[in-house]
Each structure stands twice: as structure tokens, then as C-alpha cells.
1. Using +1 at the Cβ of each Lys and Arg and -1 at the Cβ of each Asp and Glu in segment 202-326, identify which of ALA215, ALA296, TRP238 lies farthest towards the dipole's positive end.
2. What is the gain in length, in nm to one decimal, between ASP345 and GLU248 on full extension, counting 0.36 nm per residue of separation less the C-alpha to C-alpha distance?
3. Checking the cross-link filter: which lysines have an alpha carbon closer than 20 Å to that of LYS206, excluding same-chain neighbours under 8 positions apart?
4. Can you tell me how segment 501-550 classifies by the Cα gyration tensor, rounded, prolate or oblate, using a/c under 1.5 as the rounded cut?
5. Using a 10 Å cut-off on Cβ atoms, rank the peptides 215-226, 91-102 from the highest mean neighbour count down.
6. Determine, from the Cβ-Cβ distance of ASP488 and THR370 and an R0 of 25 Å, the FRET efficiency 1/(1 + (r/R0)^6), rounded to the nearest 0.05.
7. Tell me, what HN-Hα J-couplings in whole Hz come from the Karplus equation 6.51 cos²θ - 1.76 cosθ + 1.60 at θ = phi - 60° for each residue of segment 327-336, using x for Gly and Pro?
8. Residue separation times 0.36 nm, minus the C-alpha to C-alpha distance between ALA561 and ALA502: what's the value?
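The values are calculated or read from the model by the stated rules, or taken from the named source; none is laboratory data. No experiment lies behind these values; they were computed from the predicted model shown. Methodologically, a virtual Cβ is constructed for each residue, glycine included, from the backbone with ideal geometry; neighbour enumeration extends over all protein chains shown. The area values use the complete protein model at the heavy-atom level, side chains included, leaving out ligands, DNA and RNA. Shrake-Rupley method; radii C 1.70, N 1.55, O 1.52, S 1.80 Å.
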Amino acid sequence: MRKPLLLLALPAALVLAACGDKTATPDTATPPDAQAAHTFSPDITAGDFGEMVRVLASDEFEGRAPGTAGEDKTVEYIKAQFERIGLQPGGDNNDWYQTVPMVETTADPSTVLRLRNTAGERELKFGDEMVIGTRTGQAEINVADSELVFVGYGVDAPEQNWNDYAGLDLKGKTVVMLVNDPGFHANDATLFDGEKMTYYGRWTYKFEEAARKGAVAALIIHDTPGASYGWDVVKNSWSGAQFDLRAEDDPEPRLPAQGWITGDVAKQLFADAGLDLDEQIKAANTRGFKPVPLNATVGFDLKSTIAEKSSRNVIGILPGSETPDEAILYLAHWDHLGKHEGEGDTIYNGAIDNATGVAGIIEIAEKFATTEPKPKRSLVFLAVTLEESGLLGSKYYVAQPSIGLAQTVGVINLDAMSVAGPSRDFVVTGKGNSELEDILQTYADQQNRTLVEEGNTAGGFYFRSDHFNFAKAGVPALYAKGGNDLVDGGTAAGKAATDDYAKRYHQPSDEYNPDWNLEGVVQDLEALYGVGRTLADDGQWPNWYEGNPFKAARDQMRSEAGGAP
């Protein structure tokens, strides 16, 4: 998930948002009037932006948790803004809303993993030594005596001439793999992107690839540098209720069970097999690595409590004047962490995360709707739910898009905009991915700003916000916002702003502040509007740069749609 203002190592993987039962119908909501006490301008202005953030992050919206009264007020407010602007509904049955069915799965914390090898049998405890869960929607998963195989990083990357599964039959077997990707632990810039995490380094990819290969389960070995967070984050993230799409709504394959083991557990597991974990890590960083049997089996009886629930995306469309079947999509997640029990301030208002992104796409939408001539291609404005629960709202839209992905020219994501003032730099998270950056460069030059990458490239932040679901499907996606070299105060002031927000991130103190300097966010929105305007009018189809793992999917979808790659 996102790391605003170049936050380097916050526990962003925590799944904190708790969703209630079926959401209330829209006519039960009582949101503030979208135009009450404020007159909106057709231009992108600090006043309009700040007003929308203030409303969305107010206590009245109760932290915008899915499945609560806060959701009802939030989606009604966004709908009212889209209607005021003059957009058309793009959701289910010509409505503004797209219902997102979801499954809540809570694993029994008494679950143990039974390891058997020549040293005997050992039971690993949930939370302290391992975590495990299922995304199948099944209440019980039973695995007995599944052979364990070490598959390095669990990567099959044809464009890198790399396949950790070469020659391996995984039927009935459980794979054990490393976090991050080849090159990270070896600090070798010639392997993948060196220390910079690629798509293959994300744990989500590893589990999906293991499922594609036919494994019955998969376990990732945790290490703090490779994951960019400690075991406590893994433990907390995998404990309690987990939210996911229904299996039938998800295009990606799923394992019967998946989880993590601690580094200490892995060291002992390898030692019992007569192997040295550090030596195996070195071997896994060499091209031509072969899977290694661990001469051990694993078994478990995983029981889970399952409940089906739902939330809503909000979709507004500005039809194109010439090619309305082709679209540029602007994206922001509206959900946050809701209210928690306790004393003091218990509302997680989520002002920066992500009322700023929602206000941003609305501001951009209004400029498109009021600027002549009207754009030639359509514009889709998508406010998604369940980002905090694993990018689920955007994943569902990708599976059920209003305008087909092959006809979606590009995606621009707004998540946790910078409110620290104008900056000399413009952070492109995952810089070096797609030709969308070339278009952004034009507008950055006009603002005398420099495009830079995020501060901690090993953290893989490009894969932790909603645009990633579009990228994984093949659609070029851009995630950019204000940087740390502030016009007023330079990098020292930028660091101070970063440190201040680090204390507020996912806390009740992430609240609207009328003293924010919003001149910088206006610059950011103008530049991101410019990218969309260029795409809407000049007919180009930007692609991923050569060597990008998503390029093959884009080339295939465009070819099948009858367009050039």
C-alpha cells in the first residue's frame, strides 16, 4: 500500500479495515450537501480541494470504513460530486455504484504446521513461528505429508531467462521460497533490477505463481531487509479477519493455503536437511538455480470462519467526443480504517490517506468536464473501496471494467497526495516502468521540476497501491506526486514533513489541517491532468518500456483488440 511523502518502512501491509455486513442501500445515507457552504470553481484550486478533503475526513464520515454508515456517506458524497460536475454513471446497471462482493476469512489461531523430517516431528505455532491462511472461501483445508521443496525466489520470468521451477512437478507438494527477487540479497545490479524490487519480488506474485505451477501450498521465508518490514507486520497482517474477492471474481489462480515462516524456523528446517540457508540463498541468486528437496513434509488442518459481504466502488464517466470507447482512467481509493474502540480519539479520519486522492480525481474531473474542446477519448473516474484490505476494489474493477482494459489507454493513480507545499521534484513511484512517464516529463519541465524515484526502491511501493492491479493486467499505470525537495525549505523541510506524517499514518491524527500549504498539490494535479489531456486528444497508445514484466500482457491484449502493441 502507499507510502506518502516517501515514507520508507511503515507497516503498510496491516489489514486494519473491518467491514460490516451488506452495505446499506444508497437512499439510507445522509451525506452533507455536495455544494453546501462552498461554491466550486471549474479550475483546479486549493480552496475546492481543501473543502472536499475537509468533508471526507470529517468525524461525520466516521473514518470511511467499508460496510458502515461511513461508507454510505462517503459514496453518496462522491456520487453527488460526480453528478454536480456532469459525469455519467459507469457502475452496475447504469448506476453510479459497482457492488464489490467480498469474502471475510478468519483463520483459527490454534492452527499448527506439522513438520516431519529425519530430526523428528515439530509443530510450528501460529503467529510466533508461522502464519497461514486460505483464499479459497473454504471453511476447512486439510493437507497431510506434503513434500517440501525450496524453489529459490519462486520466480518464472521468461524475459529475464529465469525459471526457479524448471523441471519440477509440484503436484501435492509445498514450496518454500525467499521474499523479494534475485539480485536483492546479492546486491547485484545485473540481476533483475538489483536492490530495486520488481514485480517478481512481491509476495502476492509468488503465491499466484506457485498456484499456476500446481503447488498445494506455499511458504515464504521472512527476512526484514527483503520484506522491508519486520515479522510483527507479517504476524499482525495475517491475524484476524482477512478480506478478499470471491474466487469466481478473481482472474488470478489461488493456492489451497499460503503463508510465511520466520527466518529462524527456515534455518532449522534447512539444517535438518543438511543444508545451509545462507548458502542456498547465494545459490538462488544465480541463473540456472535448480529446486532443492528439503527431505521433509508438512501437514496442517486449517479451519476458518467464512462470511460473505460487500462494498461499493463509485464510477463516473465523461464520454469522449470522437472515440468514446477508448478511455483514460483516474483512480483513488475512498476507504480508510473507520472507528476503533477505546478512549480518546477513536476515528481514523484518513485525511491524507486518502481523502486527498479522492478530492484530486474530482478536481481533475471537473476541469475535464468544463474545458473546451471536450476530450476526444472518454475519461473514467474511479473511486474504489477496500484498498486497505488488499487492493480489492480495484482488483474487482479490473475483472469487471466499465470500459475494456484493451481500450483503456492508461491509468493515473492518486493516493496520499503531498500537502507540504510546492516541491522542486516530482516523485514517480516505480520510475522507469512506462511511457506515461515521458508524457509527465513534459509537464514537469513546464513546472521546472525533476522526476525522481521513491526513496526506498527496495520496498516495492509501486506494487502496493490500486494502480498495480491494472499494471498486472497489462495496462500502463502511473503513480506520481509531490516530492521532498520543497521550494520553501528544501530537503530539510521535506524530511520534517515526512517525519511528521510518519507519526500520523494510519492513526486518528491523520486529520484535515486548514493550515496546509496546498499550492504544491495544485501543481501536481495540473500536471496529472495534463497527462490525461494529452492521452485523451493525441491518439497515442503508451506502452511499458522494453523489459518490463507487464509488457507482454499489454502487447497481447492490444493485438487481440486489433490495435498495434
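1. It is ALA296, whose Cα lies furthest towards the positive end.
2. On the way: separation 97, 0.36 × 97 = 34.92 nm, distance 3.94 nm.
Separation in residues times 0.36 nm, less the Cα-Cα distance, equals 31.0 nm.
3. The reachable lysines, counting only those whose Cα sits under 20 Å from LYS206, are LYS171, LYS173, LYS196, LYS235, LYS282, LYS290, LYS395, LYS472, LYS551.
4. On the way: a/c = 4.31, a/b = 1.77, b/c = 2.43.
Cα axes put segment 501-550 in the oblate bin.
5. On the way: 215-226: 22.3, 91-102: 18.5.
In descending order of packing, they fall as 215-226, 91-102.
6. On the way: r = 31 Å, r/R0 = 1.23.
Working from the Cβ atoms, E equals 0.20.
7. 9, 10, 10, 9, 9, 7, 9, 8, 7, 9
8. Full extension of this stretch gives 16.8 nm more.
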